[in-house]
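S.K.: Could you have a look at this structure, given as structure tokens, before my questions?
Nothing in this text is a laboratory measurement; each read-out follows from the coordinates by a stated rule. Since the model is a prediction, treat every value here as computed from it, not as a measurement. Neighbour counts are summed over all protein chains in view; Cβ atoms, including those assigned to glycine, are modelled from backbone coordinates with ideal geometry.
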Amino acid sequence: MSLTSDVRRKMYEVMVRSRAFDDRLTEQYWIDKKPIFAFGAGPLPGELHTSHGQEPVGAGVCAALLADDMITTGHRPHHIAVARGVDLKSLTAEIFGRKTGLSGGRGGHMHIYDKRVNFSSSGIIAEGLGPAAGMALARKMQGKPGIGISFIGEGAVNQGAFHEVMNIVGVFKLPFICVIEDNKYAVTTHKSASTATERNSDRATCYGMTGEFVSGNDPDLIYAAAERAVTRARTGGGGTILEVETARLLGHFMGDPGGYITGERKLYQVDPIPIYRRRLIDENILTEATASALELAVNTEVNEAMRFAAESPFPDPIDALNCTFAD
Amino acid sequence: MSLTSDVRRKMYEVMVRSRAFDDRLTEQYWIDKKPIFAFGAGPLPGELHTSHGQEPVGAGVCAALLADDMITTGHRPHHIAVARGVDLKSLTAEIFGRKTGLSGGRGGHMHIYDKRVNFSSSGIIAEGLGPAAGMALARKMQGKPGIGISFIGEGAVNQGAFHEVMNIVGVFKLPFICVIEDNKYAVTTHKSASTATERNSDRATCYGMTGEFVSGNDPDLIYAAAERAVTRARTGGGGTILEVETARLLGHFMGDPGGYITGERKLYQVDPIPIYRRRLIDENILTEATASALELAVNTEVNEAMRFAAESPFPDPIDALNCTFAD
Amino acid sequence: MSTKEAAPWESPTLANASRTLTMCRAQREAVEWEMTNDPNVFMVGEDISGFGGVFGTADGLGAKFGLDRVIDMPISETGFMGLAAGAAMEGMRPIVELAYVDFIGVCFNALANFAAKTHFMSGGQFKVPMVLLTGTGAGYSNAAQHSQCMHATLAHMPGIKVVSPTNAYDAKGMMHTAIRDDNLVVFMVHKGASGVGFMGPLVKTSLADVPQGDYTVPFGKVKVYREGTDVSIVAVGLAVHHALQAAEELAKDGISAEVVDLRSLVPLDRDGIMESVAKTGRLVVADEDYLSYGVSGEVIATVVERDPTVLKAPARRVCVPDVSIPFSRPLEYSILPVASRIADAARAVMSNDRGKGRV
Amino acid sequence: MSTKEAAPWESPTLANASRTLTMCRAQREAVEWEMTNDPNVFMVGEDISGFGGVFGTADGLGAKFGLDRVIDMPISETGFMGLAAGAAMEGMRPIVELAYVDFIGVCFNALANFAAKTHFMSGGQFKVPMVLLTGTGAGYSNAAQHSQCMHATLAHMPGIKVVSPTNAYDAKGMMHTAIRDDNLVVFMVHKGASGVGFMGPLVKTSLADVPQGDYTVPFGKVKVYREGTDVSIVAVGLAVHHALQAAEELAKDGISAEVVDLRSLVPLDRDGIMESVAKTGRLVVADEDYLSYGVSGEVIATVVERDPTVLKAPARRVCVPDVSIPFSRPLEYSILPVASRIADAARAVMSNDRGKGRV
Ligand SMILES: Cc1ncc(C[n+]2csc(CCOP(=O)(O)OP(=O)(O)O)c2C)c(N)n1
Ligand SMILES: Cc1ncc(C[n+]2csc(CCOP(=O)(O)OP(=O)(O)O)c2C)c(N)n1
Ligand SMILES: [Mg+2]
Ligand SMILES: [Mg+2]
């Protein structure tokens, strides 16, 4: 694959979809959470970690993948799920806790699973790394295609699981990519206060992996780096640690005003979507009109998913008692 | 401190003491374990991981330390305990499970604690790293002298705790040394089969630490590298990952014949003690006579410790019920 | 941070001069007092210096005591639990925050095999005085990995004291006790009762008048919140408040329920449990942790190994029925030990109806 | 490896043509059968390919199936537990060896929060068929960090099946069942009963005639090793063998003890427990895990939430009294649930002596 106009349009579309999705969720989220904030209140209870600003990472990496590839990620999964093509209606319904949701409402926003597109997310920091490596191993043993990709935050690198899994990937030369979304913050803690090295991709040499760092939160560059990593993985070239500089435009989760991001650091909180839109128009990949049409279509689609979710029934209480064990 | 003749004689003495200690324990260990082997049988039950071959690491590093420095280590603690000056009688009595032991028989050979000389060991891989860093932090906060030193095996590097603690050491610039005893094996697994990098000391750059690799299992070189690391730690220069090539002359634990160490790999299993003896005599630090006298004295001392232990009473069963909580 | 910008994890301040506090505010006073009076006390955890941690227990303490005593850590729980244990072995008294007890699985060894056993393994040479402050519980749709209680997971391991206050007075007094204790104390607070901002309306029965200065509440004593004669509802954590609500309901039916708060799982006040059950002759245990191999079994066994004949009816348990905590609200509420489930269990015990109400 | 050089962790071979096997030999047959017949079955663990792991369960399998199916791992338990779970999600059936259950604290999250909950959290989309084979237990002076049982630590968490066979027939049949199960199954074998070489003399009651081919032993059914009428001794793991010994002793005193092996903690055969206790009217629970918040409480509660009146005397527990396992032999044996302690408890129950014998 190469960075064709189609790929770029597709990436833009995916970014717009993810943003519309997060925007609609945000609106829903605040219903009944004012004036008194409570995680548990309103139609969309629980913690909500939106992906505002990180859309280029999901879009760029997923555009370089094939259907067989397997993704795991963490507590901030929307942009990746959307980019991967997780069914928008079932995804929304899951986040609304409905019977029609991907997991019938058992999982919720941090636990998004869609086996049809080989996608999983879960909420403990760095916990998806081992599973993604194991999925890659499984395919290798089965002689089937597919590489493992795990997305983590820059803060998650400091979890021991990162070290253990990267080493295993290196020792067994697994077809694997660790994508580190460096949005500079883990909750309120800046990368510089938590991490003894500036670029986590530099750690790759310690693990017999290849390191790549992409700055600028630029989907085109992310795509290109991901493609190199994917090719490497598919051709026996081993694993890649791909660190991508991105931006978390809002707080850690809804309700965090993010007031600790001040001064110079605010300069990095730039919205990548209008920039990419501008570029695609400037380069005649989109026109103002086609861009607007695309945005309208995507917003309609997202609104429909929201409506579908809101109108879906809640699960039966008894559903809490099944799916603990497979039989 | 510098590598004076006194220091070198002392290192030799410490190595000889550790070896004699392990040799006597080995004799005791096999009592009642033949013809049928059973960990639990005989006067010295349980797993026993002796330090045959690794004496230079304990001797070299400990010679560079001061009394205030704090050591943690793991399942193979004897050479370090002896080098650190843990009281030989109480140490032996602990390994014999006697009331006069360091922990009154509660701890055993993998759990050697001697607060008087700031020494701890425990049996879960890499578990001592965090505590040693914490001890260093405590002294820093208290404005008291003392650095933290943790000894681990090359296999232990692959435990997540290594990564987490090294990063913490780097972020907080703690006065800390991680000594990696690279004896090439973790139980039966060769380093090359478990570790995606050849030299773990190379990882130091990822943690804002200094890396040093010492080859040859040579106490003089180990001492020199340890001294550099100690000076760095004491003068605010941060932490060091000091990897030392050493040799495990016997199996993983008593009872493991080590038959998996074959071919070329056997070449590395060289006893460092006669080599060092030869060198000290050649360089006129010792004579044949003073060396023999030293060896005799040390052996007598070790034999006395063994006798002390063997003659000590067992603890009262009731002792199992105290020391769970401090009051 | 200005009031307008207040992060939701800040606890709402109650009427100004009042000394009626939420648990998290009360705990914070104890921490502040100890940090002021004992230079060896310090805090470590994630996101505590600026924002006071998820519970607000460290609220403002970073600014007051500086970043050297309120230390933000990387997401390296094994690393910093070990670090805290080592510091404790050298005479410091760390208070470690682990925001959600659900994360304990990444650092269980450092706690249960190292911090908890060092005193024993060293034959008493080393003490490990450290407090692990952690949040428990469900009820706000935070799903399977951010809603657990795991009371028994910690209480089962030797060498760990495990406490769980349910009101502000106890929270402060037990925090003083915890910090002064020479052992690893796990201090579990249900998010839903802590009074932390992001959990919405306060649980009234968790508020209490709190003395200004320092005072201690000892571990290992149950607290009888409400006396009764027909049935003992023995509970822990938020379930205590559910039990109080259930007792109100039951009173309307003419059932007099005694509500016993364990407060401390290790040490466990077995005499206190027995005293109540011997009096009422009936037992319901309410616990938001998983049912099997947990607190509920231990409480029942405690009675039965003393005297099974005190029980006039089978004991009942109202717990999470050995499933993961579901996200969706109706699923979640169906498995939590809410007041209605507790009341149903008590009624069943009263009618000695052995078939119904058991999960 | 020649016989002369045999590592102690190899299981001694019994009389040649005999099909009387040790547990570890029997388990090994099941693993070999499944690996032969199902290409998705593979093993991961530390030091398994050449030496068969600490239990000899993988003995010779590395040579037979190659290093791609018997995979030696670095000392990275979190990493390879996660890896195994991911492989299982993609249709493989990994058998993971964790030599000592004591190490579970370094990888508890990957098991209890991920592998155990994925089926639930995904609403049934993903299955995680994996077996965790692990060794438990004390009795050979391996001290606080290599002697634990931690039965309840695992059995308390939802989504994990936990089994613990006590004889070779069950070990093989349950290993077949475990490998074919679509869930995370923790397969706990007491080192002292497994028949592994380094543990010395074999426990006779753990040996059994074992059929050559494959067969399954279902989970969730107790096994009554010995029938009796006066007191039920409900036990798990090595304590079952201690109980059998105790029953012999008790028989000499004219006490008829029924010995019930739980075999499976999750699912737990509550009816099977009740059936025995309803018959004998007396209950002793023997478990080498820690006493509080564990198996013993759960067994007692199981009886009492059905019918406390079946108990003619207080139930008693013979467990490790909430202390770390000490190294020194006399200390260690004083806290293990050995036959004499079990017999004493049974005698106390018989004499309805409520004061003595309780730890
Ligand atoms: C083991 C563990 N520790 C702590 C947390 C709480 N937590 C959730 S998200 C988060 C910050 C993650 O930062 P980063 O990895 O940079 O991801 P980001 O939120 O920036 O996307 C923390 C500490 C957790 N979920 N798991
Ligand atoms: C977390 C954990 N996993 C596994 C073990 C079992 N184990 C004990 S020693 C050892 C090998 C250690 O190798 P290395 O670190 O190289 O030290 P060495 O034995 O060579 O001194 C293993 C796997 C353990 N004690 N803890
Ligand atoms: Mg981040
Ligand atoms: Mg080694």
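S.K.: Collect the residues in region A:311-327 that are touching a helix residue (DSSP H, G or I) at 6+ places or on another chain (Cβ under 7 Å) and outside any loop (DSSP other than H, G, I, E, B), keeping them in residue-number order.
M.R.: A:Pro317, A:Asp319, A:Ala320
S.K.: Name the single residue that is nearest to ligand 2 (Cβ to nearest atom) among those in region C:100-149 being among the aromatic types (Phe, Trp, Tyr) and within 11 Å of C:Ala85 (Cβ to Cβ).
M.R.: Checking each candidate, the answer is C:Phe114.
Residues are listed down the side, and each one gets a yes or a no for (1) farther than 22 Å from D:Ser76 by Cα; (2) more than 16 Å from ligand 2 (Cβ to nearest atom); (3) more than 9 Å from chain C (Cβ to nearest Cβ):
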{"position": "B:Arg98", "(1), (2), (3)": "yes, yes, yes"}
{"position": "B:Lys115", "(1), (2), (3)": "yes, yes, no"}
{"position": "B:Glu154", "(1), (2), (3)": "no, no, yes"}
{"position": "B:His163", "(1), (2), (3)": "no, no, no"}
{"position": "B:Phe176", "(1), (2), (3)": "yes, yes, yes"}
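S.K.: Which strands (runs of 3 or more DSSP E) sit wholly inside region B:122-228 and have at least 2 residues that are surrounded by fewer than 23 Cβ atoms within 10 Å (Cβ to Cβ) and away from ligand 4 (no atom under 14 Å from the Cβ)?
M.R.: By residue number, B:210-214.
S.K.: Shifting gears a bit: Going by what's in this entry, would A:Gly60 be described as within 12 Å of chain C (Cβ to nearest Cβ) and within 30 Å of A:Thr231 (Cα to Cα)?
M.R.: In short, no.
S.K.: Please name all residue pairs, on different chains or six or more residues apart, with Cβ atoms under 8 Å, provided the first residue is in region A:237-251 and is under 15 Å from A:Lys184 (Cα atoms) and the second residue is in a loop (DSSP other than H, G, I, E, B) and within 16 Å of ligand 4 (Cβ to nearest atom).
M.R.: Between residues of region A:237-251 that are under 15 Å from A:Lys184 (Cα atoms) and residues that are in a loop (DSSP other than H, G, I, E, B) and within 16 Å of ligand 4 (Cβ to nearest atom), there is no close pair.
S.K.: Looking for whichever is within 14 Å of chain C (Cβ to nearest Cβ), out of contact with any strand residue (DSSP E or B) (no Cβ under 7 Å at 6 or more places or on another chain) and away from ligand 1 (no atom under 15 Å from the Cβ) here; the options are A:Asp32, A:Asp68, A:Asp6, A:Asp23. Which one fits?
M.R.: None of the others qualify; the one that does is A:Asp32.
S.K.: Search region A:41-57 for residues being within 14 Å of chain C (Cβ to nearest Cβ), of a type in the set (A, V, I, L, M) and in contact (Cβ under 8 Å) with a residue 24 or more places away in the chain, and hand back the single one that is surrounded by the fewest Cβ atoms within 10 Å (Cβ to Cβ).
M.R.: A:Leu48
S.K.: Between C:Leu207, C:Leu268, C:Leu262, C:Leu250, which is in contact with a helix residue (DSSP H, G or I) (Cβ under 9 Å, 6 or more places away or on another chain), farther than 30 Å from C:Met43 by Cβ and away from chain A (no Cβ under 14 Å)?
M.R.: The conditions single out C:Leu250.
S.K.: Within the group D:Val285, D:Val234, which residue is within 14 Å of chain C (Cβ to nearest Cβ), in contact with a helix residue (DSSP H, G or I) (Cβ under 7 Å, 6 or more places away or on another chain) and more than 15 Å from D:Val320 (Cα to Cα)?
M.R.: Answer to the check: D:Val234.
S.K.: In addition: In this structure, is D:Ser328 surrounded by fewer than 24 Cβ atoms within 10 Å (Cβ to Cβ), in contact with a Pro (Cβ under 7 Å, 6 or more places away or on another chain) and within 14 Å of chain B (Cβ to nearest Cβ)?
M.R.: no
S.K.: State whether one or more residues within region C:145-154 are more than 15 Å from the chain's Cα centre (by Cα), under 23 Å from D:Val323 (Cα atoms) and away from ligand 4 (no atom under 16 Å from the Cβ).
M.R.: no
S.K.: Same structure, new question: Among the residues of region B:117-129, which ones are over 13 Å from the mean Cα position of the chain (by Cα) and near ligand 2 (Cβ under 9 Å from one of its atoms)?
M.R.: Matches in region B:117-129: B:Ile124, B:Ile125, B:Ala126, B:Glu127.
S.K.: Output the residue which, of all residues in region A:229-252 that are in a loop (DSSP other than H, G, I, E, B) and within 14 Å of chain B (Cβ to nearest Cβ), is nearest to A:Ile275 (Cα to Cα).
M.R.: Looking at the filtered set, the residue picked out is A:Gly239.
S.K.: Between a first residue in region A:178-191 that is at the interface with chain C (Cβ under 10 Å from one of its Cβ atoms) and a second residue that is away from ligand 2 (no atom under 16 Å from the Cβ) and of a type in the set (S, T, N, Q), which pairs have beta carbons less than 8 Å apart while being 6 or more apart in sequence or on different chains?
M.R.: So the pair list comes out as A:Ala186/A:Ser194.
S.K.: Let me ask you something else. D:Asp47 passes all but one of (1) within 24 Å of the chain's Cα centre (by Cα); (2) within 11 Å of chain A (Cβ to nearest Cβ); (3) within 26 Å of B:Gly130 (Cβ to Cβ); which number fails?
M.R.: (2)
S.K.: Out of the residues in region A:100-113 that are of a type outside the set (D, E, K, R) and either within 16 Å of ligand 2 (Cβ to nearest atom) or within 7 Å of chain D (Cβ to nearest Cβ) (or both), state the one that is surrounded by the most Cβ atoms within 10 Å (Cβ to Cβ).
M.R.: Filtering region A:100-113 for residues that are of a type outside the set (D, E, K, R) and either within 16 Å of ligand 2 (Cβ to nearest atom) or within 7 Å of chain D (Cβ to nearest Cβ) (or both), the one surrounded by the most Cβ atoms within 10 Å (Cβ to Cβ) comes out as A:Gly107.
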